[in-house]
Every structure is written in structure tokens, then in C-alpha cells.
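A.B. asks: What follows is a structure written as C-alpha cells; I'll ask about it next.
The values are calculated or read from the model by the stated rules, or taken from the named source; none is laboratory data. Worth saying up front: this structure is predicted, and the values here are computed from it rather than measured. Note: ideal-geometry Cβ built from the backbone for every residue, glycine included; neighbour counts use all protein chains shown.
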Amino acid sequence: MHASLSTTSRRSPLYRTGGFSLIEILIALALLAALAGLVIAGFGGVLDKGQEDVARRFVETSLETPLTRYRIDIGTYPTTEQGLQALMKAPSDRASRWRGPYIEREPIDPWGNPYQYRYPGQHNTAKYDIWTVSPDGKEIGNW
């Protein structure tokens, strides 16, 4: 009879044969959450650098083709006053030669701000300047 008690007690729901308790699972989840937080915080600098790279590539190459097409059609780049809006809507004094739109919407930097434009450029005196400013105040331009 002693043997049958032993077998019965092992099958009892109170007898634990394996697995994790709720406390062990909660501790493991807390540790994983803490590690994930550290990893994500470490990637913050990488993501910021990535946004700067996107902005740099944009100002160096993305508007070159539409601005060149505009210059071919009109004979000059848009003035600083006309800005990049001249690529979307014909300036009143250039409407007869304008063949746009050359872009569909105003370009926005990775931080949600419109890019700045100046012609003639102060840095690129033979062309135009396009730039933006990162949240830490760094000027990113096509120069």
C-alpha cells in the first residue's frame, strides 16, 4: 500500500515534475525586456547616423535631375524666392516654358522638415545649394 500512495502522490496536481513556475517566467521576461531596452538604446546612435546619411544622399543626388530638367526647359535654375516650389508649380513669369511638374511634392528631410534651397548657391557658386539641419544642429548640404 505504501507503493500505491507514492504513485498517487506523483500524479497529484501538487507534485511538480517539470516546467517553469510563473515567477520564473516573469523574471525571465523582465530580464529579456531589460536587455531589449539596452539594445534599442544602443541603436539610437546608429539610427541617427542613418538619417543623416539619407539626408546627405538626398541633397547630393535626388534633386539634381529635376533641377537640371527645369534648367533645360526654363534656361536657369529656380531663384531662391521661387524655391523648390517652382519644380511643382510653374512660376508666373516662366509659365510658357515650364514643362513640369518636375517633382510631385515638396521634399521633406528625415526629421519632417522641408529642405532649404538657394540659387545662386553660396557654397556651389556655379549651381544651387540644397541643405537641411539635423536635430543636433548639424548642417547637411550638397557641398
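A.B. asks: For residues that are touching a helix residue (DSSP H, G or I) at 6+ places or on another chain (Cβ under 8 Å) and of a type outside the set (Val, Ile, Thr), tally how many sit in region 54-81.
C.D. replies: 6
A.B. asks: Restricting to region 83-141, name every residue that is of a type in the set (S, T, N, Q) and either under 19 Å from Ala55 (Cβ atoms) or without any contact (Cβ under 8 Å) to a residue 12 or more places away in the chain (or both). Walk me through how you get there before you give the answer.
C.D. replies: Of region 83-141, the ones of a type in the set (S, T, N, Q) are 85, 92, 96, 113, 116, 122, 124-125, 132, 134.
Those that are of a type in the set (S, T, N, Q) and either under 19 Å from Ala55 (Cβ atoms) or without any contact (Cβ under 8 Å) to a residue 12 or more places away in the chain (or both): Ser92, Ser96, Asn113, Gln116, Gln122, Asn124, Thr125, Thr132, Ser134.
A.B. asks: Now a separate question. Search region 52-79 for residues being closer than 23 Å to Gly112 by Cα, aliphatic (A, V, I, L, M) and assigned to a helix (DSSP H, G or I), and hand back the single one that is modelled with the lowest pLDDT.
C.D. replies: Among residues in region 52-79 that are closer than 23 Å to Gly112 by Cα, aliphatic (A, V, I, L, M) and assigned to a helix (DSSP H, G or I), the one modelled with the lowest pLDDT is Val59.
A.B. asks: For region 27-51, name all the residues that are at pLDDT below 60 and surrounded by fewer than 10 Cβ atoms within 10 Å (Cβ to Cβ).
C.D. replies: If the condition is that a residue be at pLDDT below 60 and surrounded by fewer than 10 Cβ atoms within 10 Å (Cβ to Cβ), then Gly42, Gly44, Gly45, Val46 are the ones that fit.
A.B. asks: Okay, moving on. Filter region 114-141 down to the residues that are surrounded by 19 or more Cβ atoms within 10 Å (Cβ to Cβ) and either hydroxyl-bearing (Ser, Thr, Tyr) or farther than 21 Å from Glu104 by Cα (or both) and list them by number.
C.D. replies: If the condition is that a residue be surrounded by 19 or more Cβ atoms within 10 Å (Cβ to Cβ) and either hydroxyl-bearing (Ser, Thr, Tyr) or farther than 21 Å from Glu104 by Cα (or both), then Tyr115, Tyr117, Tyr119, Gly121, Tyr128, Thr132, Ile140, Gly141 are the ones that fit.
A.B. asks: Right, something else. Select from region 56-69 the residues that are more than 12 Å from Leu87 (Cα to Cα), in contact with a Phe, Trp or Tyr (Cβ under 8 Å, 6 or more places away or on another chain) and of a type outside the set (Val, Ile, Thr) and list them in ascending order.
C.D. replies: Phe58
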